[in-house]
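The values are calculated or read from the model by the stated rules, or taken from the named source; none is laboratory data. The shown structure was predicted, so the numbers you read here are calculated from the model rather than taken from an experiment. Cβ coordinates were reconstructed from backbone atoms using ideal geometry, including for glycine residues, and neighbour counts include every protein chain displayed. Remember, those area values only see protein heavy atoms, side chains included, never the ligands or the DNA or RNA. Shrake-Rupley method; radii C 1.70, N 1.55, O 1.52, S 1.80 Å.
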Amino acid sequence: MSISSTRTPARRRLPLVLAAACSAGALLALSSPTASAVVPLTATATFNCGSWGSGLATLTAADNGTTKTIKITSSAITMPAGTSADPNSITTTLKMTKTSGGVTSQVQFSAKLNPGMSGGNPITLGPLKLTSGTLAAGDSTNTVVLPTPPSATNWSLQIVASSPTSATVPCVATSALSAAFVW
């Protein structure tokens, strides 16, 4: 007497399990935003920030598919002696030129994000989120280069410290980025 089984051998079920897993992965990939590459990820430019200093700053760009950001760090631009800033007490706004299909316009990145800093500390600002204008794949951005001196109406980067030191610091970019960001 022979015993026969109606169960499918394990090796025949494996392709069905793999197909189901692949289908679920594909649906998940389609439903979630994809990260977009920004090229390059970092670039440098020079800024004149009056009493906060002048010199080279590093800008680091990121695009996670829904949010575009730029972080600014510089050891040449520092808080003046005798001043300080609590964490997340500096509102920073960065103006950038945008080129899209041969047309140039302007976008802005802004945020109130910073570590605690005191006089003589290098600045770390952001990441600043895109808050004005739009950026599509293939658009490029660069610094807004302006003549010195910086002023309330002549700025590429504005730093507004609120606690415990209150100060509005206009900065002008004195050079273009070492390489424009391509989103």
Which one is most open to solvent (accessible area, probe 1.4 Å) among residues in the stretch 130-170 that are assigned to a loop (DSSP other than H, G, I, E, B) and touching a helix residue (DSSP H, G or I) at 6+ places or on another chain (Cβ under 8 Å)? PRO149
Of all residues in the stretch 112-129, which are at positive phi and either buried (at least 20 other Cβ atoms within 10 Å of the Cβ) or outside any loop (DSSP other than H, G, I, E, B) (or both)? GLY126
For the stretch 54-79, what are the residues that are surrounded by fewer than 19 Cβ atoms within 10 Å (Cβ to Cβ) and either at pLDDT below 95 or part of a loop (DSSP other than H, G, I, E, B) (or both)? ASN64, GLY65, THR66, THR67
When only residues in the stretch 80-96 that are open to solvent by less than 40 Å² (accessible area, probe 1.4 Å) and among the hydroxyl-bearing types (Ser, Thr, Tyr) count, which is nearest to ALA179 (Cα to Cα)? THR93
Is it fair to say MET96 is modelled with pLDDT under 95 and within 19 Å of VAL169 (Cα to Cα)? no
Given the conditions (1) touching a residue at least 60 places away in the same chain (Cβ under 8 Å); (2) over 22 Å from PRO127 (Cβ atoms); (3) of a type in the set (S, T, N, Q), which single one is not true for THR153? (1)
Cβ-Cβ distance below 6 Å, separation of 6 or more or different chains: which pairs start in the stretch 91-108 with a residue that is touching a residue at least 12 places away in the same chain (Cβ under 8 Å) and more than 16 Å from THR60 (Cα to Cα) and end on one that is buried (at least 18 other Cβ atoms within 10 Å of the Cβ) and small (Gly, Ala, Ser)? THR99/SER140
Which one of these does GLY82 not meet: (1) assigned to a helix (DSSP H, G or I); (2) more than 22 Å from TRP155 (Cα to Cα)? (1)
If I go through the stretch 99-109 residue by residue, how many of them are open to solvent by 30 Å² or more (accessible area, probe 1.4 Å) and either over 22 Å from GLY138 (Cα atoms) or at pLDDT 95 or above (or both)? 7
